[in-house]
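The values are calculated or read from the model by the stated rules, or taken from the named source; none is laboratory data. Because the structure is predicted, anything quoted here is derived from the model rather than measured. Heads up, the Cβs are rebuilt from the backbone with ideal geometry, glycines too, and the neighbour counts pull from every protein chain shown.
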Amino acid sequence: MRLLIADDDANTINLLRKYLTDWHYDVLTATNGYEALDILKGENPPEIIILDWLMPGMDGIEVIKRLRQVQNSNPPYIILFTGRDEKGAIIEGLDAGANDYVTKTFDKDEFHARIRVGERVIQLQNALAERIKDLQDAIAQIHTLRGIIPICSFCHKIRNDQKSWERLEKYIGDHSEAEFSHGICPECAKKHYPGFLKKETE
């Protein structure tokens with residue numbers, strides 16, 4: 001899984017990158033909010049972001065707000081990473097759209113556990129998005145017949161939405177998953193092929 005570290009402190013980036021690569025994650029880095037957004041708007045963006053609150057140009061909170069404004073079926077999992085640990089700051093960060101919050105005086109094992117939580121959330125999110133796509137594809141292929149269908153009393157043709165008349169089997173075939181095979185019922189066989197039926201009974 002790909003992760004992005006966005007922090008203006010080189011020592012912090014190097015430390016986090018070492019941990020994450022040791023844990024077998026693919027790591028990208030950015031030193032400010034603008035770089036982070038450029039990476040996240042590119043192809044194959046990282047799925048988890050470790051985002052510093054205070055960065056030059058654009059802080060982490062602004063990055064989060066801009067990311068959450070974008071309609072995305074697979075939004076990134078955002079961990080806000082900062083030295084601020086007061087309750088008000090935590091609430092502000094989570095209200096802005098962060099999924100989790102880690103202070104810079106973190107425990108390595110706890111940090112790893114929080115990354116794994118993010119990974120599980122992303123996996124569930126991706127599975128749900130795939131299921132929704134499958135359902136949308138299935139719904140798009142389902143044709144239903146409902147309501148009043150005008151049908152001729154004599155020839156049994158159906159009047160379609162374009163106000164023209166077409167054969168019953170064509171109309172049903174266009175509006176459902178039904179397929180037709182043709183045969184002859186006993187009454188029609190007697191009417192149209194009387195000699196054939198007589199021969200069969202002899």
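Look through the stretch 66-84, keep the residues that are free of Cβ contacts under 8 Å to residues at least 40 places away in the same chain and over 17 Å from LEU4 (Cα atoms), and return whichever of them is surrounded by the fewest Cβ atoms within 10 Å (Cβ to Cβ). The extreme case among them is GLN71.
Yes/no per residue for (1) farther than 30 Å from LEU3 by Cα; (2) outside the structural domain of ALA10 (by TED's automatic domain parsing); (3) of a type in the set (Gly, Ala, Ser):
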residue: ALA89; (1), (2), (3): no, no, yes
residue: ASP95; (1), (2), (3): no, no, no
residue: PHE111; (1), (2), (3): no, no, no
residue: ARG114; (1), (2), (3): no, no, no
residue: ILE122; (1), (2), (3): no, no, no
residue: ASP134; (1), (2), (3): no, no, no
residue: ILE151; (1), (2), (3): yes, yes, no
residue: TYR171; (1), (2), (3): yes, yes, no
residue: GLY183; (1), (2), (3): yes, yes, yes
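Cβ-Cβ contacts under 6 Å between residues 6 or more apart (or on different chains), taken from a first residue in the stretch 185-202 that is at negative phi to a second residue that is at pLDDT 75 or above and surrounded by 10 or more Cβ atoms within 10 Å (Cβ to Cβ), are listed as LEU197/ALA189; LEU197/LYS190.
Checking the stretch 58-73 against the condition returns no match, with no residue being in contact with a Leu (Cβ under 9 Å, 6 or more places away or on another chain) and part of a strand (DSSP E or B).
Per the listing LYS108, LYS87, LYS104, LYS41, the residue uniquely in contact (Cβ under 8 Å) with a residue 60 or more places away in the chain and surrounded by fewer than 14 Cβ atoms within 10 Å (Cβ to Cβ) is LYS108.
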